[in-house]
Amino acid sequence: MRFVFLGPPGTGKGSLAWLCEQRVGLRHISTGEMFRQEIAQRTPLGRRVQRYVMNGRLVPNALVVKVMVSRLAPEILAKGFVLDGFPRTRGQAAGLDRALATRRAPLDAAVYVDSPESLLVRRLTGRRVCSRCGANYHLRTMRPKRPGRCDHCGGRLIVRKDDGVDTIKKRLAIDRKAATPLLAYYQRRGILERVNGIGHIETVFVRLMRLFGQRGWLPPARAAQLLRVRLPAGRQGHDRAQNRRRN
């Protein structure tokens, strides 16, 4: 199984990709993390990427695809993967398709996690990030065990500079505009799928696993097992209420 997860900031696509790695066995590949590792390790590709980043320029599509494909070793292609944060443009999507075609490992689907703007703004303004390891938390839905401290490394939790309401709304508008040709590309290819992103992340994961089962990407018994997820206490009614408001 080979997927890309798409959606604006705050949809939870990174969390879904992580759950797919933990529970389904797919490799979660994050573009941001991948770039940071390449730069930190001072690989030839990392040095090329750093030159663009240091000068405040966009990394060219061809270079982004090259870095991404360098991570798709044969064992990952065989095991299956989820790309999170990539592709971001139609050019990147086409480049990825060409690279995967040469490896005879085409994508199964591009999954768009769909959430209303009002929900995304609430999620993003409550987000906190570890200043040391980059782990994500949320004041409402993913609180740390110790207030203000990361569960993993003990680092201080901070608010990102671009998580203000006005900045977030501008980012979402830019993302919608950029996503239109990308979604149209996958729609024409016949592999675009949509998942309702409203509710607790476990609720959304169940919807995703239901899709995996319906499309035959998972054996029926395995899909049924993954659908039997117990929601955290107190969330079921909240999720139902959110869905009623949306409908």
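Worth pointing out:
- Qualifying positions in segment 66-109 - part of a strand (DSSP E or B) and surrounded by fewer than 15 Cβ atoms within 10 Å (Cβ to Cβ): none
- For TYR112: the one exception among (1) in contact with a strand residue (DSSP E or B) (Cβ under 6 Å, 6 or more places away or on another chain); (2) assigned to a helix (DSSP H, G or I): (2)
- Looking across segment 1-59 at every residue that is assigned to a helix (DSSP H, G or I) and of a type in the set (Ser, Thr, Tyr), the one that is modelled with the lowest pLDDT is identified as TYR52.
- Of everything listed in (1) under 22 Å from ASP162 (Cβ atoms); (2) buried (at least 16 other Cβ atoms within 10 Å of the Cβ); (3) in contact (Cβ under 8 Å) with a residue 12 or more places away in the chain, the single unmet condition for GLY32 is (2).
- Among residues of segment 147-173 being without any contact (Cβ under 8 Å) to a residue 12 or more places away in the chain and within 21 Å of the chain's Cα centre (by Cα), the one that is farthest from GLY7 (Cα to Cα) is LYS161.
- Checking each residue in segment 152-189 for being at pLDDT 90 or above and either crowded, with 16+ Cβ neighbours inside 10 Å or small (Gly, Ala, Ser) (or both) picks out GLY154, GLY155, LEU157, LEU182, LEU183, ALA184, TYR185, TYR186.
- Any hit, segment 7-18, residues being crowded, with 21+ Cβ neighbours inside 10 Å, closer than 18 Å to LEU100 by Cβ and either of a type in the set (Gly, Ala, Ser) or touching a Pro at 6+ places or on another chain (Cβ under 8 Å) (or both): yes
- Yes/no for ALA62 being in contact (Cβ under 8 Å) with a residue 12 or more places away in the chain, loosely packed, with under 14 Cβ neighbours inside 10 Å and over 23 Å from ILE201 (Cβ atoms): yes
The values are calculated or read from the model by the stated rules, or taken from the named source; none is laboratory data. Computed from a predicted structure; not experimentally measured. Every residue, glycine as well, gets a Cβ built from its backbone with ideal geometry; the counts of neighbours run over all protein chains shown.
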